[in-house]
1. Considering every residue within the range 338-354, establish whether at least one is of a type in the set (Ser, Thr, Tyr) and surrounded by 24 or more Cβ atoms within 10 Å (Cβ to Cβ).
2. Do you know which residues across the range 232-254 are more than 18 Å from ILE30 (Cβ to Cβ), at pLDDT 85 or above and surrounded by 11 or more Cβ atoms within 10 Å (Cβ to Cβ)?
3. I'd like to check which helices (runs of 4 or more DSSP H) are fully inside the range 1-117 and have at least 1 residues that are among the polar types (S, T, N, Q) and modelled with pLDDT of 90 or more.
4. Looking at (1) touching a residue at least 24 places away in the same chain (Cβ under 8 Å); (2) among the aliphatic types (A, V, I, L, M); (3) crowded, with 19+ Cβ neighbours inside 10 Å, which is the one condition that is false for LEU372?
5. Would the range 117-130 turn up any residue that is in contact with a helix residue (DSSP H, G or I) (Cβ under 6 Å, 6 or more places away or on another chain) and among the polar types (S, T, N, Q)?
6. Test GLN422 against the criterion of being more than 25 Å from GLN311 (Cα to Cα) and either at pLDDT 90 or above or acidic (Asp, Glu) (or both), and give yes or no.
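The values are calculated or read from the model by the stated rules, or taken from the named source; none is laboratory data. Source: prediction; values computed, not measured. With ideal geometry, Cβ positions are generated from the backbone for all residues, glycine too; neighbour counts draw on all protein chains shown.
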Amino acid sequence: MADSADLAPPRQKRSFFATLELDTRLLGMIGAFILICAIFQLWTGARSVQDTVNPLTWLIEGRFLTPRNIFNLTIQTVSVAIMATGMVFVIVTRNIDLSVGALLATCSATMAMVQTAVLPQWFGLELGHPAIWFLAVMAGMAVGASIGAFQGYIVGFLTVPAFIVTLGGLLVWRNVAWHLTTGQTIGPLDPTFITFGGIEGTLGETWSWVFGAVATAFALLIIWNARRNKVAHDMPTKPIWAEAALAALAALVILGFVWVLNSYDVPDLRLEREFEARGEVMPEGYTAAFGVPYSVLLLIVIAVAMTIIAQRTRLGRYIFATGGNPDAAALSGINTRLLTVKVFAIMGVLCAISAVVASARQNFHSNDIGTLDELRVIAAAVIGGTALAGGVGTIYGAILGALIMQSLQSGMAMVGVDAPYQNIVVGVVLVEAVLLDIAYRDPVVRPKVWEFHLVVVPIVVFALASPTIGIVLLLGAVVEFVRRYRKGLLK
């Protein structure tokens, strides 16, 4: 009788990426982010040191990766990143929300009026009262959840397409915000409230290191626990060296991030004012670092919570099941209509939280707050790998997408690119992200995507050098397209 081991089917050899369980799409996004940082670091360095053509000198003298700019980049990313985590759920369920920027404005206007008018006039609570910030945030979240649930009800129960509902919401809620404030800028806001904006609320150097140590320990615990569970269930695991490398990389990224933020010192004039406010004299040579902003901590908490919802709760399983196959989800007993209401309500709450960060960073509510944020949020989610067809998306991908978008805009602003060209680049990046996503998921379409790039990229390059040549090449491409279409070569 043959040994049972001889009768067992041979184990299929896994590829290098499969063995290490590497997400190639995530690696691509990280690579794109690193490339963007390197380009703008070199570019800003070349502008700063114009008497040399040494790329190493440009890399060292560049201003994009300075502690100050990284600090500003993080706090500028938070608002869009928070909404992008909710947009993942919306798009995964095969919907879209074009009203998030306008809803942010309505929530911001509500919270500003609660702080400056409602509570002082009706309840006698002046700015600085310990309850003001909490009541204002609760009011904003209640408004956001209510509006989101209302839009979700129209989409889910009245079966109006989400595109139409939220397109109308974009117009309605933007002007509701204007009506609440009668078109005025409302401020200043409560001192505690504005600490959520970034620059006015940070952990400081010591507590930032404490946060870094705790976050590192938490990341290592997750890696160790994941391996232990796989071993317990006899599942394939990564090699020990790969686990150790991943753990070391996680610790390096977290502690390196904290170190960079702790390298951004508080200006001396601000420190002197703080000492004077306490009736003290600042010691000679005294310095202090900003550290990790509260808004970044808020983003981390929301990211962890949304990831847990997506991966560990029934609601998350229902969301992805509905996005994968709505009919099958409904037949299996999932109330897809009520689920739509819940998803849009979550989106509304996240818009309110983003409004806290956005208005606190400015220390006032303005009429243009959140303008075009709907496009940035959708772009961040799509760049992060959320499929517009539904059923696929990750929270960390959306946050990374928001960081890539903000890095592009911040870098272009630093090198003097005009706002119209910035918007052109953002639009191109969005379309490019969708094209690459389609090529990544569909091998049949992949050759057509590469062929498209072979035609379009040279046209764009020549158009940047000479618009006339670009137009000629574009007309030639159109003629070739028509020729192929008439001969039936397009399939």
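1. Just the residues of the range 338-354 that are of a type in the set (Ser, Thr, Tyr), to begin with: 340, 354.
Of the ones still in play, those that are also surrounded by 24 or more Cβ atoms within 10 Å (Cβ to Cβ) are 340, 354.
Yes, the range 338-354 contains a residue that is of a type in the set (Ser, Thr, Tyr) and surrounded by 24 or more Cβ atoms within 10 Å (Cβ to Cβ).
2. GLU243, ALA244
3. Numbers: elements: 4-7, 16-20, 24-48, 55-61, 67-92, 100-113.
Those helices (runs of 4 or more DSSP H) span 24-48, 67-92, 100-113.
4. (3) is the only condition that LEU372 fails.
5. Residues of the range 117-130 in contact with a helix residue (DSSP H, G or I) (Cβ under 6 Å, 6 or more places away or on another chain): 119, 125-126.
Imposing the further condition that a residue be among the polar types (S, T, N, Q) reduces the set to none.
The answer is no, given that none of the residues of the range 117-130 is in contact with a helix residue (DSSP H, G or I) (Cβ under 6 Å, 6 or more places away or on another chain) and among the polar types (S, T, N, Q).
6. Values: more than 25 Å from GLN311 (Cα to Cα): yes; either at pLDDT 90 or above or acidic (Asp, Glu) (or both): no.
So GLN422 fails the test.
So that you can scan it fast, the table gives a plain yes or no per residue for (1) crowded, with 19+ Cβ neighbours inside 10 Å; (2) among the aromatic types (Phe, Trp, Tyr); (3) over 17 Å from PHE196 (Cα atoms); (4) not assigned by TED's automatic domain parsing to the domain that holds GLY187:
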| position | (1), (2), (3), (4) |
| --- | --- |
| GLY124 | no, no, yes, no |
| LEU127 | no, no, no, no |
| MET141 | yes, no, no, no |
| GLY144 | yes, no, yes, no |
| TYR153 | no, yes, yes, no |
| PHE157 | no, yes, yes, no |
| VAL160 | no, no, yes, no |
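Table: residues versus (1) touching a strand residue (DSSP E or B) at 6+ places or on another chain (Cβ under 9 Å); (2) of a type in the set (D, E, K, R); (3) more than 29 Å from THR110 (Cα to Cα); (4) modelled with pLDDT of 95 or more.
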residue	(1), (2), (3), (4)
SER366	yes, no, no, no
LEU375	no, no, no, no
GLN406	no, no, no, no
MET414	no, no, yes, no
VAL426	no, no, yes, no
GLU432	no, yes, yes, no
